[in-house]
Amino acid sequence: MQTQEEIKRLEAIIADLLLEAKTQGASQADAGLSVDNGLSVNVRLGEVETIEHHCSQGLGVTVYFGQQKGSASSTDLSPKSIKETVSAACSIARYSSADSFAGLPDPERLATEFKDLDLHHPWELNAEDAINLATRCEDSARNYHVNISNSEGASVDTYGGIRVFGNSLGFLHGYASTRHSISCSVLGERDGGMERDYWYSVARNKDQLDDVEFIGKKAAERTIQRLGAQSLSTRKCPVLYSAEVAGGLIGSFLGAISGGSLYRKSSFLLDSLDTKVFPEFIHLYEQPHLLGALGSALYDAEGIATQANDIVADGIVKSYLLSSYAARKLGMQSTGHAGGIHNLCVAPGDKDFSQLLKQMDTGLLVTELMGQGVNPVTGDYSRGASGFWVEQGVIQYPVQEITIAGNLKDMFQQILAVGNDIDYRGNIRTGSILIEEMAIAGE
């Protein structure tokens, strides 16, 4: 069946579901449905470990009786099952307490223009070809250096799916998307010490994936660089977050300005709108309509149109991240962020990675973080880390078994630079981030 025909078929299911909700007495309703399929292959030490064909479908419906809300879900899309699922949601709603903030979004905020964001690039990949790609990737890693002693394997994954969302305000839209990835992880050994590292590539379009030999070589190179790691004595020093871990730092900020954290008063950035949280050169902006990007979307999880906007400009918080419910709780307007952010970009400076090392001079380069030691209420930050010790702008030796600590409010204010080595492999696009000083707990 052609993709557009399938989208129309699934849109008709949602339309029927919304009609059923009205028939059963709901004053308002919304519903989402997804159908996915894919292939996942894992090869380890030259042997096939797993071949998985994925095929799944599911729908969720939320109904409102006034401001009483009920939700239910199902993996069966038959008319009988849909009717039962709506009945279940209606039963829950009738017994729920009324919530004056509950309900569908403002109708005038719903998306009405549906341009093609170039998200759908099917990869006609059979298992045999996927095994070949994964094997080449792992071979590239295993043959890189004599100290590569073992492998956790290489994986090739391809997924395609259709999402449809509709509500009783007249919104109904479906679209297809794809996501492909290749990854590799290997172990190295020297003088009784063992380390592991990995690398991966991910894209909507297979033609934008890195070459499999490059991915394997990069995974092995990173592993070899970590051999001989030692701890550090406890100290304070500058810290450079490499691009692949810097996104987590920005993610902590986004969590703190998200509606749920704010209305529950469980954020260290309460009442931070229009206040200076970062240095003046920091600019965080959202680009939800980038063609082919991993975080692109025309509308949020409620159907509200997404738009390019500034989250932080001149270091000042310009927007919270609010769903309709959170916005009502806070006496504000939805910002189109039900379900999160879409392609959050951190404006880069003019320095590349090596220039950032020189700017730091002496300090810690962090390439991996462990644990969840971030307190969203106070902003206190403490995480296990590994990376490299740097002196006079030159990497000296790998380090491990250390903890880096600070308070996110101070850390944000102490950002000295953002690199132009942007990592595009996720929803947060940032280069490396240099922080003036943090506490290092080691030996």
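Read the figures in this text as sums done on the coordinates, not as results from a lab. Remember, it's a predicted structure, so these values are computed and weren't measured experimentally. Don't worry about glycine lacking a Cβ; one is built from the backbone with ideal geometry, like all the others, and counts go over all protein chains shown.
Worth a mention:
- Taking every alpha-carbon pair under 8 Å whose residues sit at least 6 apart, the chain reaches a relative contact order of 14 percent.
- With N counted as the residues of the range 3-226, its alpha-carbon radius of gyration over 2.2 N^0.38 Å works out to 1.37.
- Straight-distance candidates among the lysines for linking to Lys217, with alpha-carbon spacing under 18 Å and chain neighbours fewer than 8 residues away dropped, are absent.
- Cα long-axis angle, helix 212-226 against the chain (0 to 90 degrees, to the nearest 10): 50
- Alpha-carbon radius of gyration plus Dmax, which is the widest Cα pair, for the range 235-441 in Å: 17.1, 53
- Cross-link pairs beyond the 26 Å C-alpha cut-off, checked among Lys115/Lys329; Lys8/Lys115; Lys115/Lys206: Lys115/Lys329
- Angle between the chain longest axis and helix 3-23 axis [Cα atoms, degrees, rounded to 10]: 50
- Antiparallel bridge percentage (DSSP; both residues within the range 235-441; nearest 5): 90
- Cβ-Cβ FRET estimate between Phe114 and Leu270, R0 fixed at 30 Å, reported to 0.05: 0.25
- Estimated distance in nm for a label pair at Ser34 and Ala301, the labels positioned 7 Å out from Cα along Cα-to-Cβ: 1.0
- Placing a label point 7 Å from the Cα of Lys83 along the Cα-to-Cβ line, the residues of the range 1-19 whose backbone N sits under 13 Å from it are 17.
- Paramagnetic label reach from Phe101 (point 7 Å along Cα→Cβ; backbone nitrogen cut-off under 12 Å): within the range 287-326, residues 322-326.
- Ratio Rg/Rh [Cα only; Rh per Kirkwood] for the chain: 1.01
- In the chain, the longest principal axis of the Cα atoms and the axis of helix 243-256 are about 40 degrees apart.
- Counting other Cβ atoms within 10 Å as a rough exposure proxy, the listed residues Phe65, Phe281 run Phe281, Phe65 from fewest neighbours to most.
- Ranked Val186, Val366, criterion: other C-beta atoms within 10 Å, fewest first: Val366, Val186
- Averaging the sequence gap over all C-alpha pairs within less than 8 Å and six or more residues apart, then dividing by the number of residues, gives the range 235-441 a relative contact order of 29 percent.
- Aspartates and glutamates with Cα under 14 Å of Lys218, excluding same-chain neighbours fewer than 8 positions away: Glu138, Asp139, Asp197, Asp210, Glu244
- Computed over every Cα-Cα pair of the range 93-194 and binned at 10 Å starting from 0, the pair-distance distribution P(r) comes out as 11, 23, 19, 16, 15, 12, 3 percent.
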